[in-house]
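For reference, the structure discussed in these notes is given below.
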Amino acid sequence: MKVPAPTHHILSVLVENKFGVLTRIAGLFARRGFNIYSLAVSPTEDERFSRMTIVVDVESTSLEQVTKQLNKLIPVIKIVELSPADATERELMLVTVKATPESRSQITELTSIFEAKIEDVGFDAMTIMAAGRPDQLDAMTDLLEPFGIVELQRTGRIALPRLVRRTVRLQAVRGRSA
């Protein structure tokens, strides 16, 4: 029997940029018994605030409880759940792969296809940096595996809401007769 794929919820949490905020928020998830799948934190355009992108696999009802509890924490300013359809999400990956002289051109071609960059080259390995949607990085990893992955590190997702696009209707301008 096939196990259903986990449904990840993406939370964008705006918090005060203060000491201990990350610990308090991570502790809240730990106390509830939820595993954080991915967590990325960085300052925003306003140095007083940081944005946390938290990817967690929980049921919607449990997520609602966690969101309510997060809102009670003093350093939390705003919480938005981002659906993948309504968000721009990216991840960064560094991967070191075995690279024999015979396989280097194939690895270089794969790197180019995924618009990645070769960051370091050794006698028998290459380190590649790639940024993209999580599914794109998964695909790249799958294609690099036959060469032999030595090390792999991913940042976890960062996400922002998609921008609203309105269609601007242009109306014909009629010239006036004098």
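The values are calculated or read from the model by the stated rules, or taken from the named source; none is laboratory data. Keep in mind that this is a model prediction, so the values were computed, not measured. For neighbour counting, all protein chains shown are included, and Cβ atoms are generated from backbone atoms with ideal geometry for every residue, glycine included. For accessibility, only protein heavy atoms count, side chains too; no ligands or nucleic acids. Shrake-Rupley method; radii C 1.70, N 1.55, O 1.52, S 1.80 Å.
Okay, here's what the table says:
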{"read-out": "Residues of segment 66-113 classified as among the polar types (S, T, N, Q), at pLDDT below 95 and part of a strand (DSSP E or B), total", "value": "1"}
{"read-out": "Tally, over segment 122-167, of residues that are exposed (fewer than 11 other Cβ atoms within 10 Å of the Cβ) and part of a strand (DSSP E or B)", "value": "2"}
{"read-out": "In segment 27-43, the residues that are open to solvent by less than 40 Å² (accessible area, probe 1.4 Å) and touching a residue at least 40 places away in the same chain (Cβ under 8 Å)", "value": "Leu28, Ser38, Ala40"}
{"read-out": "Within segment 12-26, tally of residues that are open to solvent by 20 Å² or more (accessible area, probe 1.4 Å) and on the phi < 0 side of the Ramachandran plot", "value": "9"}
{"read-out": "Flag for Arg48 being at pLDDT 90 or above and surrounded by fewer than 17 Cβ atoms within 10 Å (Cβ to Cβ)", "value": "yes"}
{"read-out": "Among (1) among the hydroxyl-bearing types (Ser, Thr, Tyr); (2) more than 24 Å from Leu163 (Cα to Cα); (3) open to solvent by less than 70 Å² (accessible area, probe 1.4 Å) - the single one Ser112 does not satisfy", "value": "(3)"}
{"read-out": "Leu152 vs. criteria more than 17 Å from the chain's Cα centre (by Cα) and modelled with pLDDT of 95 or more", "value": "no"}
{"read-out": "Meets criteria (closer than 22 Å to Leu160 by Cα, in a strand (DSSP E or B), without any contact (Cβ under 8 Å) to a residue 40 or more places away in the chain and among the hydrophobic types (A, V, I, L, M, F, W, C)) for Val55", "value": "no"}
{"read-out": "Count - residues of segment 3-52 that are of a type in the set (S, T, N, Q), in contact with a Ser or Thr (Cβ under 8 Å, 6 or more places away or on another chain) and not in a strand (DSSP E or B)", "value": "2"}
